[in-house]
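What follows is a single structure, written as structure tokens, with notes after it.
What follows is calculated from the coordinates using simple rules that are stated; it is not laboratory data. Source: prediction; values computed, not measured. Don't worry about glycine lacking a Cβ; one is built from the backbone with ideal geometry, like all the others, and counts go over all protein chains shown.
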């Protein structure tokens, strides 16, 4: 979810009603969100970001304020996200707890995350040379690891398997690190009961390496992810009538 440093193209709307939790539990605080600032890619040129465009559309659709808590780590295998003892998921859960302890919207008995955005998989491709073994480089091991991740999230008070929209992305279509699309394109592999949906990658472009979306495509896939959430909300509303 970082967005490549060369993905500087595409629309970059501003929105004063989106806030992000700054990384660092001890000194953490809520800040007005902006591309080029943590937790987005801080490289020069303000690279684009999927979550930014998702949040921008969410805010315009429903109003109010949108709060993002992120720990985007590029080049990380799913093994680092399996349980609280793993480096990436453990640090992320600490960030969430710290952020909710300083919730500017007030202290409710339970806050349920509206959305959980997930863009991962290339590092667990057998061809991904940036990650050394061990890693979940087969469909079966990735499926099992992903189920472990969801079980861990489901034990958190702010996550609901049925209520939180777990929205993932496909990897670059036909890219050289696209093997994990075999998981994301087949619902039979997804954990049971998870409110999961996947934004397609068809027609999107990369930065020229066959692995990372360019800036315009990051904006587009953020839109596609939100369009999924909106259609699901409309469907649920009609079902209740």
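Averaged over every viewing direction, what's the projected area of the C-alpha convex hull for the chain? Give it in nm², one decimal, please.
So the Cα hull casts an average projection of 13.1 nm².
Using a Förster radius of 25 Å, what is the FRET efficiency between residue 130 and residue 197 based on their Cβ-Cβ separation? Nearest 0.05, please.
E between residue 130 and residue 197, to the nearest 0.05, is 0.35.
Please find the FRET efficiency linking residue 29 to residue 230, where r is the Cβ-Cβ separation and R0 is fixed at 30 Å, and quote it to the nearest 0.05.
Once rounded, the FRET efficiency stands at 0.50.
Could you work out how far apart the two model spin labels at residue 11 and residue 140 are, taking each label as a point 7 Å from the Cα in the direction of the beta carbon, and quote it in nm?
4.5 nm
By count of other Cβ within 10 Å, fewest leading, how are 105, 158 ordered?
Listed from fewest to most nearby Cβ atoms, that is 105, 158.
I need two numbers for segment 86-156: Rg to one decimal and Dmax as a whole number, Cα atoms only, in Å.
15.6, 47
Over segment 1-105, what number does the Rg to Rh ratio reach, with both radii from the alpha-carbon atoms and Rh per Kirkwood?
Computed over Cα atoms, the ratio is 0.97.
Taking 0.36 nm per intervening residue step and subtracting the Cα-Cα distance, what contour gain separates residue 97 from residue 74 on full extension?
6.0 nm
Residue separation times 0.36 nm, minus the C-alpha to C-alpha distance between residue 112 and residue 156: what's the value?
14.9 nm
Please compute the contact order of the chain in relative form: average sequence separation of alpha-carbon pairs under 8 Å and at least six residues apart, divided by the residue count, as a percent.
It rounds to 22 percent for the chain.
How many angstrom separate the Cα center of segment 122-191 from the Cα center of segment 192-212?
With segment 122-191 and segment 192-212 each reduced to a Cα centre, they are spaced 12 Å.
To the nearest 500 deg cm²/dmol, what mean residue ellipticity at 222 nm is calculated for the chain from DSSP H runs of n ≥ 4 alone, each contributing -39,500 (n - 2.57), summed and divided by the residues?
About -10000 deg cm²/dmol.
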